[in-house]
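Undergrad: Have a look at this one.
The values are calculated or read from the model by the stated rules, or taken from the named source; none is laboratory data. Here the structure is a predicted model, which is why all the values come from computation and not from measurement. Backbone-built Cβ (ideal geometry, glycine too); neighbour counts: all protein chains shown.
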Amino acid sequence: MSGNVVLIPSSFYRCAGPNCGVLKGVSDRWWVMWSSFDDYEVPVMHLAPWDEKLAIQEGAMHVCGEGCAQKLQSQFMGNVLENRMRRSNV
Ligand SMILES: [Zn+2]
């Protein structure tokens, strides 16, 4: 075998949860969340078990656990409702 790929840890992951900011350890079971508009033309929140490929995606949020995932979800839902209300008030 030739050309071994040396994996260099590119960055530290920090939890995106409100008032959290915990740094990810090697063995921590984290989650990745991101929102998109996909095919539906409405904001969609995605939640997936930790995966490096997902974690380096643009707009990916790194989440240390269920508690922070719930906070981020509620933040997302709040934003969506706020935007919707703002739009219908115009
Ligand atoms: Zn957290």
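Undergrad: Consider the stretch 28-49. How many of its residues are within 16 Å of the ligand (Cβ to nearest atom) and in a loop (DSSP other than H, G, I, E, B)?
TA: The number of residues fulfilling the criteria is 3.
Undergrad: Let me ask something additional. For the stretch 30-43, enumerate the residues that are exposed (fewer than 14 other Cβ atoms within 10 Å of the Cβ) and of a type outside the set (Asp, Glu).
TA: Those that are exposed (fewer than 14 other Cβ atoms within 10 Å of the Cβ) and of a type outside the set (Asp, Glu): Ser36, Phe37, Tyr40, Val42.
Undergrad: Separate question: Whether any residue in the stretch 70-89 is hydrophobic (A, V, I, L, M, F, W, C), in contact with a helix residue (DSSP H, G or I) (Cβ under 9 Å, 6 or more places away or on another chain) and at pLDDT 95 or above is what I want to check.
TA: no
Undergrad: Let me ask something else. Can you tell me how many residues in the stretch 68-87 are surrounded by 12 or more Cβ atoms within 10 Å (Cβ to Cβ) and not aromatic (Phe, Trp, Tyr)?
TA: Count: 11.
Undergrad: Okay, moving on. Tell me which residues, restricted to the stretch 50-90, are among the acidic types (Asp, Glu) and part of a helix (DSSP H, G or I).
TA: Residues satisfying the conditions are Glu52, Glu66, Glu82.
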